[in-house]
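What follows draws every value from the coordinates through simple rules; no lab data is involved. These figures come from a predicted structure and were not determined experimentally.
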Amino acid sequence: MTDEVVDEGPGESVDLAEEVIEEAPEAEADDDRADWSEIEVDGEVWLAPPALKSAFLRQADYTRKTQELAERRRAAEAEHEAAGAHIAGRARLHLLDEQAQALDGLDWPALEAADPERARALRERRRGLAETRERLAFDLARKEHETRLANEAAEAEAVLATGRALSEQIEGWSPALAAQLADYARNFGVEADELRQINDPRLWRILHRAHLGETLARRLAEADRRAGRPTVRPAADPGRPGGGVPGLDDRMETADWMRRRNAATLREHRRPRP
């Protein structure tokens, strides 16, 4: 009996080639998705290409801004309605006062002598006006108090939201840094009440950069002074050491020169014109 030798080598090669061919599209697909990223839509996470992700982000931003605009519109309408109701209540209160004053101006003894029934009805009306006015005044005071509390709560929330945004945008943001910026702003005449009304983080960032720039300029000037480097001064006029302004000399320190120059300019503007 002759044993048959079966060569399985070529068959195995064919099978491996077929597997490689079948797996190739998946590998190519994985390579194509290398720059894909996850996006969240309605609480579900999806894998999307960059172009589709950008479209979803734009749509999400548009939706967010639309919702914010709608909320602002509703808040404005509610505020307008509340203001209208408040004005109407005040007008009614004023009308009640006028009616009460008219009744108080009557000659009650003569009225009671001439027409006791009418006098009694008018006295009842006067008491009714007083009771109505008291209820209306109490209701207006209560609503004003509630409105004031709501406004204070909204302002406090806006301040907190601004603080949260600035803590993410400005390194080292803290109440101490906010106090420094407030002191810096007061040098330009900005009052504390005005600062409390600034809830836009962009404006605080501008103020922060201005403060940083001035602080850096002072430090550089101090370093130059300690190193013995010459201080930069305004250009000198050989003919007029003070540039034609009394009390100025180009040999003065820059800060003193600018202070005197600004004072002279202010006096010039205040001087009455012929």
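For segment 107-162, count the residues as N, evaluate 2.2 N^0.38 Å, and divide the Cα radius of gyration by that value, please.
Cα Rg divided by the expected 2.2 N^0.38 Å: 2.23.
Calculate log10 I(q)/I(0) of segment 157-228 for q = 0.15, 0.19, 0.22, 0.26 Å⁻¹, where I(q) comes from the Debye formula with a single equal point scatterer on each Cα and nothing for solvent.
With no solvent term, the Cα-only Debye profile gives -0.54, -0.78, -0.97, -1.25.
Can you give me the convex hull volume of the Cα atoms of segment 56-149, divided per residue and expressed in Å³?
With only Cα atoms used, segment 56-149 gives 89 Å³ per residue.
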